[in-house]
Amino acid sequence: MEADSKPKKSGARLCCVCNQNRAALKRPKTLEQICRECFYAVFEEEIHQVILENQLFKPGERIAIGASGGKDSTVLAYVLSELNRRHNYGLDLFLLSVDEGITGYRDDSLETVKRNELQYGLPLKIVSYEDLYGWTMDEIVKMIGLKNNCTFCGVFRRQALDRGAALLKVDKVATGHNADDIAETVLLNILRGDIASFNSDFIIIRFSLWLMLGCQNLNKFSTYAYFKKLDYFSTECIYSPNAYRGFAREFIKDLERIRPRAILDIIKSGEDFRISTTTKMPEQGTCERCGYISSQKWCKACVLLEGLNRGLPKLGIGRNQGLNSDGKKDRKRDSRTPSIESK
């Protein structure tokens, strides 16, 4: 009788949340073993609570979701659309994509975004480098090579997102960055000695959705996308193998293997970073050429564009101030120069 009363041993662990389904993964934060359905619920509820606690959105706001077709932005678009419907946030959501003009990469990923538009019922707006700047990344790489091409793409993409947001007349832009991305940005700003960008980046981070979701590590986004069988594009950019960010990423991964909390510690250091009151910081103004935000007479995009148009692609690379240090620069607008007024 005593033998019959003993519970039967099971080869599979049960979910510690529902105690019914078989556990499918272990949560890094709590080390709890949970099933897929409970993982979905916990993941989505954490994001919902972050949105409420930090008052990230207000009813009636127009929100653009930066959509690249990749895993992180696809998860963000799916979860945000689901929470908006489930909890009645009252948000008007849009997908905003940037077409850099990279044949065999961005054209394929944009097909994924177009499918997401239909799957999630979200309007899609695509802005392209060719329309905004008169150049594609394929053309830029032919001129500059593979060493500094990411400088052009990073500057142009950030401005393109802002211009796309202006066209959609949205209140906020949500991007699917995770803790790994934030830690890389902190390290890159330190390595470059770029104090001004370091400070401004964290002002942006504190008031954006991606810091709040930053506690979700890369593996968590991957697991959610995989289990949910979301439709996303997973190929790396064909021009990124030599990117400076890639070396920072590998270094951070090595640190994480030694100390699992390394990524969160780097982010915390970035948040606590303080600039001395005696340090002279650049004053924010507007570009005299296109009207975009700039601390110089010309914004970085206009300097890079001028170099391309004049056949001097390295004009705005590195510490070289280029046209911003030339008091006699030609103010005549080039036909390829972006204009906020015309866009």
Distance between modelled label sites at F227 and N19, nm, 7 Å Cα→Cβ extension: 2.0 nm
Inter-probe distance in nm under a simple model that places probes 7 Å from Cα toward Cβ, at E236 and L264: 2.7 nm
Accessible area (Å², 1.4 Å probe, nearest 10) - D131: 110 Å²
Listed peptides 153-161, 51-59 by packing density, highest first (mean Cβ within 10 Å): 153-161, 51-59
³J(HN,Hα), Karplus 6.51/-1.76/1.60, whole Hz, each residue of the stretch 77-93, x for Gly, Pro: 4, 5, 5, 5, 5, 5, 5, 4, 6, 5, 9, 6, 5, x, 9, 9, 9
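Need the full-extension length gain, R310 to E288, defined as separation in residues times 0.36 nm minus the C-alpha distance. One decimal, nm. The partial results should precede the final answer.
Working: separation 22, 0.36 × 22 = 7.92 nm, distance 1.88 nm.
Here the answer is 6.0 nm.
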Computed magnitude of the charge dipole of the stretch 54-272 (debye, nearest 20; Cβ of K, R +1, Cβ of D, E -1): 520 debye
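Exceeding 18 Å between C-alpha atoms, which entries from my cross-link table qualify? They are K114/K169; K71/K220; K229/K253.
Working: K114/K169 21 Å; K71/K220 11 Å; K229/K253 26 Å.
Long pairs (Cα-Cα over 18 Å): K114/K169; K229/K253.
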Vicinal HN-Hα couplings computed from phi for the stretch 121-126 (Karplus, 6.51 cos²θ - 1.76 cosθ + 1.60; Hz; Gly/Pro x): x, 10, x, 10, 10, 10
Cα pair distances in the stretch 22-91, grouped into 5 Å bins until the bin that holds the longest one, percent each: 3, 14, 21, 23, 18, 13, 6, 2, 0
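So if each residue of separation counts as 0.36 nm, and I subtract the Cα-Cα distance between F247 and L146, what length gain in nm does that give? Don't skip to the end; give the middle numbers.
Numbers: separation 101, 0.36 × 101 = 36.36 nm, distance 1.50 nm.
Additional length available on full extension: 34.9 nm.
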Cα-projected label distance for I190 with R85, points at 7 Å along beta-carbon direction, nm: 4.3 nm
Rounded to whole Hz, the Karplus (6.51, -1.76, 1.60) HN-Hα couplings of the stretch 167-173, x for glycine and proline: 5, 7, 6, 8, 8, 8, 10
Solvent-accessible area per residue, Å², over the stretch 13-53 with all protein chains present [probe radius 1.4 Å]: 62 Å²
Gyration tensor verdict on the stretch 54-272 (Cα atoms; rounded if a/c is under 1.5, prolate if a/b is larger than b/c, oblate otherwise): rounded
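The values are calculated or read from the model by the stated rules, or taken from the named source; none is laboratory data. All values derive from a computational prediction rather than experimental measurement. Using ideal geometry, Cβ is built from the backbone for each residue, glycine included, and neighbour counts are taken over all protein chains shown. What goes into the accessible areas is simple: the full protein's heavy atoms, side chains included, and nothing from ligands, DNA or RNA. Shrake-Rupley method; radii C 1.70, N 1.55, O 1.52, S 1.80 Å.
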